[in-house]
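In what follows, a structure is listed as structure tokens, so that the remarks can point back to it.
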Amino acid sequence: MTALVGIVLVSHSAALAEGAAELAGQVGAGAVIAAAGGTGDGRLGTSAEKVSAAVERASAGAGVLIIPDLGSAVLTVKVLLADLEDDDDAPGPVEVADAPFVEGAVAAAVTAAAGAPLPAVRAAAEEARDARKL
Amino acid sequence: MPASSDVTLKADLHARPAGQLAVAAAGFQAAVRLSAGGRDADAKSVLGVMQLGASAGATVTVRADGPDEAAAVDALTVILAAVTPAG
């Protein structure tokens, strides 16, 4: 079996990141999902160190898709990506999805669990923007 | 000639089986669609499958069109027939 694309969920809230990872992992059974929520000292916010560690945990060689929740989470991820570009030990391709957090996480997890490549996993997350609930 | 099959749900089609269906469907080359209650969805899209809103007692039709269509219909029929109430 080939390596699966890893998914990193970045939220201002550790509980939100972990809850979304739990849900996405149940719906997309088998997907590799790492949560990076809150600051290093347990407050609301984002931490480049937590995101970086989560990318390493989620990486299995097929690339990693990062799904941020709001505002500064996106900034934190962008800074991290710029650092990774300069890093010769970077864990394969890492991309960011412009997607709704929960729906994007679930759609990405299912697509990754099916063994799809990184562009397809990202497209599934981003297409979630158009999914209706009713 | 596309393959198809009907399954009557024993429980609501909630998120977890929707994920199982989408992961299974993605493993086939064939285009796979599910329809229920006048709605139709790409079986490879978990959000689309959830949006069907198929509940217990509803009949879901699986249609597949492609080189492995028969196997795709068989696989998804098995998952649909095994849907049980969420724990």
Mind checking whether some residue in segment A:116-134 is in contact (Cβ under 8 Å) with a residue 40 or more places away in the chain, assigned to a loop (DSSP other than H, G, I, E, B), within 14 Å of chain B (Cβ to nearest Cβ) and not acidic (D, E)?
yes
When you scan segment B:29-59, how many residues do you find that are under 17 Å from A:A124 (Cα atoms), assigned to a loop (DSSP other than H, G, I, E, B) and touching a strand residue (DSSP E or B) at 6+ places or on another chain (Cβ under 7 Å)?
2
I'd like to check something: does segment A:71-90 contain any residue that is touching a residue at least 40 places away in the same chain (Cβ under 8 Å), out of contact with any helix residue (DSSP H, G or I) (no Cβ under 8 Å at 6 or more places or on another chain) and not polar (S, T, N, Q)?
yes
Considering only segment B:1-37, state which residues are among the polar types (S, T, N, Q) and at the interface with chain A (Cβ under 9 Å from one of its Cβ atoms).
B:Q20
Does A:G6 satisfy being under 20 Å from A:G115 (Cα atoms) and out of contact with any strand residue (DSSP E or B) (no Cβ under 9 Å at 6 or more places or on another chain)?
no
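Would you point out the residue of segment A:98-125, among those that are charged (D, E, K, R) and buried (at least 17 other Cβ atoms within 10 Å of the Cβ), that is nearest to A:H12 (Cα to Cα)?
Only one residue fits best here, namely A:E103.
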Screening A:I33, A:I66 for residues that are away from chain B (no Cβ under 14 Å) and either within 30 Å of B:K44 (Cα to Cα) or modelled with pLDDT of 90 or more (or both) leaves only A:I66
Output for segment B:1-49, where each listed residue is among the aliphatic types (A, V, I, L, M), within 20 Å of B:A70 (Cα to Cα) and either at pLDDT below 95 or over 10 Å from the mean Cα position of the chain (by Cα) (or both)
B:M1, B:A3, B:V23, B:A26, B:A30, B:A31
Do we find that B:D40 is closer than 20 Å to A:E103 by Cα, more than 10 Å from every other protein chain (Cβ to nearest Cβ) and not hydrophobic (A, V, I, L, M, F, W, C) in this structure?
yes
Kindly state which strands (runs of 3 or more DSSP E) lie completely within segment A:11-111 and contain at least 1 residues that are touching a strand residue (DSSP E or B) at 6+ places or on another chain (Cβ under 7 Å) and among the hydroxyl-bearing types (S, T, Y).
none
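The values are calculated or read from the model by the stated rules, or taken from the named source; none is laboratory data. Since the structure is predicted, the reported quantities are computational estimates derived from the model, not experimental observations. Because the Cβ atoms are built from the backbone with ideal geometry, glycine has one as well, and the counts that use them run over all protein chains shown.
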